[in-house]
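Notes follow the structure.
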Amino acid sequence: MSEVKVQSLVSFAMNNAVSEAIGNETIYDSLIRITRNDVGNVVMMQANTLEINKVSHNVIKLAQEKLEIVGQDGIDIPIGSFSGMPILAGRGPTVRLRILPVGYVSCSFSSEFIEKGINQTLHRIYLIVTANVGVVLPTENKKVSFSSDILIAECIIVGDVPETYLQSGTIDEMLNLVPD
């Protein structure tokens, strides 16, 4: 029960840190530089590593601060939950447990491209936030790991409509131009 409560609190703290670091602004243009040719077609997409590192640093700093606050508040667990018997779980007076932000908070970015039709591609950027926290229980100390993939930006890239479009799962299907 303590692990579930801690994961919930850590998740809330991480999401708040990301929201606070990014704010209400659209950050796609600050994270990705798009280069176009003379007719406006996308020819290159380049990650702005300075801005990515800045966002990552801000999220880590805010997440550590929020975990410290969560740790000071602690969590209340009903004493029946320590018995190990399902019938007593969640019952009885509560015991306040301390949460220790042990270890680290880390951030990394992930990017994916998804085909959306014959001339469109959806580009998504995720921030992956990982934290390790410790829970001080009366009988032992537990470490709880938490990781969350948070979508922070997306963009649809529109290209030219090709004059010919052929899509199939196998070469046999592609070469079979006569319907059955």
Cut-off under 5 Å, modelled amide H: who pairs with residue 74 long-range: 99
Whole-Hz couplings from phi, Karplus 6.51/-1.76/1.60, listed for segment 90-96; x for Gly and Pro: x, 10, x, x, 9, 10, 8
Set of lysines with alpha-carbon distance to residue 54 below 29 Å, sequence-local pairs under 8 removed: 66, 143
Residue order, fewest to most surrounding Cβ atoms within 10 angstrom, among 107, 155: 155, 107
Kirkwood estimate for segment 1-116, i.e. one over the average of 1/r between Cα atoms, Å: 17.6 Å
Relative contact order (%) - criterion: Cα under 8 Å, at least six apart; region: segment 1-48: 24 percent
Ranked list, fewest to most other Cβ atoms within 10 Å of each Cβ, for 39, 70, 133: 39, 70, 133
Packing-based exposure ordering (other Cβ within 10 Å, fewest first) of 68, 25: 25, 68
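Here, each number is a calculation from the coordinates, and none is a lab measurement. Bear in mind the structure is a predicted one, so any value in this text is a computation, not a measurement. Here Cβ is always computed from backbone atoms with ideal geometry, including for glycine, and neighbour counts include all displayed protein chains.
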